[in-house]
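Asker: Encoded as structure tokens, here's the structure I'll be asking about.
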There are 2 protein chains.
Amino acid sequence: MKVKQKGANAERELIHLFWSTGTWSGVRVAGSGSMSYPSPDVIVSNGERRLAIECKSLSGTNKFFATREISELQEFCSKFGAEPWIAMRFDNDKWYFLNLEDMKKNNKGYSISYSIAKQKGLLFEELIGVYRQARLV
Amino acid sequence: MKVKQKGANAERELIHLFWSTGTWSGVRVAGSGSMSYPSPDVIVSNGERRLAIECKSLSGTNKFFATREISELQEFCSKFGAEPWIAMRFDNDKWYFLNLEDMKKNNKGYSISYSIAKQKGLLFEELIGVYRQARLV
């Protein structure tokens, strides 16, 4: 399967996940084409929280992100009013949702390994439950 | 120019307009493809207001909307937490932004004429100024 197609399928899978909750809605963002504005792969909302998600489905055990990719996600979220998240799915495993702070930074950019994703990432149910838990405290 | 291409260009034009303000950000929504969830053409936000926009650029003087198209926009907005808007640009004129209440309903759906759009529609500057004006009252 081509990389681009695999990416689009991963985004669709995420969108299905959010809509299947009954309380979340979401859209895939159209490719930038001739435009060069920062944008995430997916935006979802339950009317209270909005999440802007970079979505990666991969076969390897380590994912690299260019510094610019992350700074553009932050810029978009700051203007749009959304939480920045990285959604990662390694072959034959679940989705893990990571904060930008969970990424390992070096002078070339950021990376997340499979072990870090499993250790620090939230599962889908945890991600969408966070707000409710915070409110009940 | 093909209808689909013309639609995409109109969406890009709107996205440029919002980003050019310096305070608004926005994205084009990817075509539904195999998915059948309700979604608008464009979503924009300034961090306080979120607008979900159906975007139409047309040559005629009357635009028809199927009832389902409008009810899906309402459903999306209700879940996502966004204001529903119709953006219309008739050839050689400006963008007009219309509320769903401004549309004329019959038993087949909704329609907006060029004259209604000019009479009831907000100009871009009015659309993005509404919130500030409301807050200053």
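Just so you know, all these numbers are worked out from the coordinates, no wet-lab data involved. Computed from a predicted model, the values in this text were never measured in an experiment. Using ideal geometry, Cβ is built from the backbone for each residue, glycine included, and neighbour counts are taken over all protein chains shown.
Asker: Specify the residue with the greatest mean-square fluctuation among B:Ile112, B:Ile53, B:Ile86, computed from a Gaussian network of chain B linking alpha-carbon atoms under 10 Å apart.
Answerer: The residue with the greatest mean-square fluctuation here is B:Ile112.
Asker: Here is the link list: A:Lys6/A:Lys79; A:Lys120/B:Lys79; A:Lys79/B:Lys104; A:Lys79/A:Lys105; A:Lys6/A:Lys104. Which ones come out longer than 27 Å on Cα distance?
Answerer: The answer is A:Lys6/A:Lys79; A:Lys120/B:Lys79; A:Lys79/B:Lys104.
Asker: From a point 7 Å beyond the Cα of A:Thr61 in the direction of its Cβ, which residues of the range A:87-123 have a backbone N at a distance under 15 Å?
Answerer: So the set is A:90-93, A:112-119.
Asker: Pop a pseudo-label 7 angstrom from the Cα along the beta-carbon direction at both B:Asp91 and B:Lys120 and give the gap in nm to one decimal.
Answerer: Each label point lies 7 Å from its Cα, and together they span 2.5 nm.
Asker: Let me spell out the model: positive unit charges on the Cβ of Lys and Arg, negative unit charges on the Cβ of Asp and Glu, origin at the Cα centre of the protein assembly as shown. What dipole size does that give, in debye rounded to 20?
Answerer: So the magnitude is around 360 debye.
Asker: Once the Cβ-Cβ distance between B:Lys108 and B:Ser36 is put in as r, and R0 is 22 Å, what FRET efficiency do you end up with, to the nearest 0.05?
Answerer: So, using R0 = 22 Å, E works out to roughly 0.50.
Asker: Same structure, new question: Could you size up the charge dipole of the range A:3-136 around its Cα centre, putting +1 on the beta carbon of Lys and Arg and -1 on that of Asp and Glu, and report it in debye to the nearest 20?
Answerer: Dipole size: approximately 160 debye.
Asker: Give me the three principal axis extents of the range B:3-136 from the C-alpha atoms, as integers in angstrom, largest value leading.
Answerer: Extents along the principal axes, in whole Å: 40, 36, 28.
Asker: Using a simple spin-label model with points 7 Å from Cα along the Cα→Cβ vector, what separation in nm is obtained for B:Lys6 and B:Arg49?
Answerer: Placing both labels 7 Å along Cα→Cβ, they lie 2.9 nm apart.
Asker: Another question about this same structure. Considering the dipole of the range A:3-136 built from charges on the beta carbon (Lys and Arg +1, Asp and Glu -1) around the Cα centre, which of A:Cys77, A:Phe90, A:Gly31 is farthest to its positive end?
Answerer: A:Phe90
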